[in-house]
Amino acid sequence: MNKYEIMFIVKATMEAEMVKKTAETFKKLVESEKGKVAEFKEMGEKKLAYPIKKELNGYYFVMQVEASKDTIAEFDRKIRLDENVLRHLIIRLDEE
């Protein structure tokens, strides 16, 4: 199991309940694939540096997970398919 930090931005034009539901869906996805979510932070709504898909604001979420390579590949595949997610970034953290 490797450690990863995942950041994703959800559309701010959705209802607050749908934003939280979208974030929870991805948190549960990691857990259902036998990964472990060590930390989950909602960073809140922020103005984007430039428009993405005609959106000017987005809700930022950051989570640190321990997961296998296959779990991260499945997470990446599913988050790309979700139209409510504007951007995402997955970083593998080095062992210290």
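Bear in mind these aren't lab numbers, they're just calculated from the coordinates by the rules spelled out. Because the structure is a prediction, the values reported are computed rather than measured. Counting neighbours? That spans all protein chains shown, and the Cβs are built from the backbone with ideal geometry, glycine included.
One table, with the values for the structure above:
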| read-out | value |
| --- | --- |
| Gap separating the Cα centres of the range 33-96 and the range 1-15, nearest whole Å | 3 |
| Sequence-separation-based contact order of the chain, relative, with Cα cut under 8 Å and 6+ spacing, percent | 48 |
| Cβ charges +1 (Lys, Arg) and -1 (Asp, Glu), total dipole of the chain, debye | 340 |
| Degrees between helix 69-81 axis and first principal axis of the chain (Cα, 0 to 90, nearest 10) | 10 |
| Relative compactness, the range 18-96, computed as alpha-carbon Rg over 2.2 N^0.38 Å | 1.14 |
| Within straight-line cross-link reach of Lys11, aspartates and glutamates at Cα separation under 12 Å, skipping those fewer than 8 residues along the same chain | Glu45, Glu55, Asp82, Glu83 |
| Using θ = phi - 60° and Karplus 6.51 cos²θ - 1.76 cosθ + 1.60, couplings along the range 48-60 (whole Hz; Gly, Pro as x) | 6, 5, 8, x, 10, 6, 6, 9, 9, 10, x, 8, 9 |
| Residue pairs, from the table Lys27/Lys69; Lys21/Lys41; Lys3/Lys46; Lys3/Lys34; Lys20/Lys47, whose Cα atoms sit over 21 Å apart | Lys3/Lys46 |
| For the range 15-21, 3J(HN,Hα) per residue [Karplus equation, 6.51 cos²θ - 1.76 cosθ + 1.60, θ = phi - 60°, Hz, x = Gly/Pro] | 5, 4, 5, 5, 4, 5, 5 |
